[in-house]
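**Q** Here you go, one structure.
The values are calculated or read from the model by the stated rules, or taken from the named source; none is laboratory data. Since the structure is predicted, the reported quantities are computational estimates derived from the model, not experimental observations. Reconstructed Cβ throughout: ideal geometry from the backbone, glycine too, with neighbour counts over all protein chains shown.
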Amino acid sequence: MKAYYSRREEVSEAMKDRITATLAEVYSVYFKNIHFSRFKDDVDPRQLLQMLTWMAEGYIQDKLRQSETLEIDELMRDFHDWQTMFRKIAYKEEINENHSQS
């Protein structure tokens, strides 16, 4: 983490380049099975994934700043919660066929 966020470590630039390349691959893998028709018309799924990435990075930075131990299971639980929130915002409302209309 220090090497990634530092500009002074010898490996900092190499790590940033590697992570940037990995993220580009992640986008194509992550979106491979996504049904884009489920998203509201004005929602960009790639932008949502970028926001989730920023949130995770901010989470990690906050833990480092507070000298707290980074617990991956805790991060993943929070990440799942963020995904759920974004789904509520970004997905089209599903029509409940069993709902009776008056």
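**Q** Looking at (1) outside any helix (DSSP H, G or I); (2) surrounded by 11 or more Cβ atoms within 10 Å (Cβ to Cβ), can you tell me which one Y59 breaks?
**A** That leaves (1) as the condition not met.
**Q** Checking V26 against (1) at pLDDT 85 or above; (2) under 23 Å from I89 (Cβ atoms), which test does it fail?
**A** Single failed check for V26: (1).
**Q** Would you please list the contacts, defined by Cβ atoms under 6 Å and residues six or more apart or on different chains, that run from a residue in the stretch 59-82 that is hydroxyl-bearing (S, T, Y) to a residue that is modelled with pLDDT under 90 and part of a helix (DSSP H, G or I)?
**A** none
Conditions tested, residue by residue: (1) within 15 Å of the chain's Cα centre (by Cα); (2) modelled with pLDDT of 85 or more.
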residue	(1), (2)
V11	no, no
F39	no, yes
D44	yes, yes
Q47	yes, yes
L52	yes, yes
M55	yes, yes
S67	no, yes
D78	yes, yes
Y91	no, yes
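**Q** A follow-up question, please. Quickly run through the stretch 49-92 and pick out the residues that are among the charged types (D, E, K, R) and in contact with a Leu (Cβ under 6 Å, 6 or more places away or on another chain).
**A** If the condition is that a residue be among the charged types (D, E, K, R) and in contact with a Leu (Cβ under 6 Å, 6 or more places away or on another chain), then K63 is the only one that fits.
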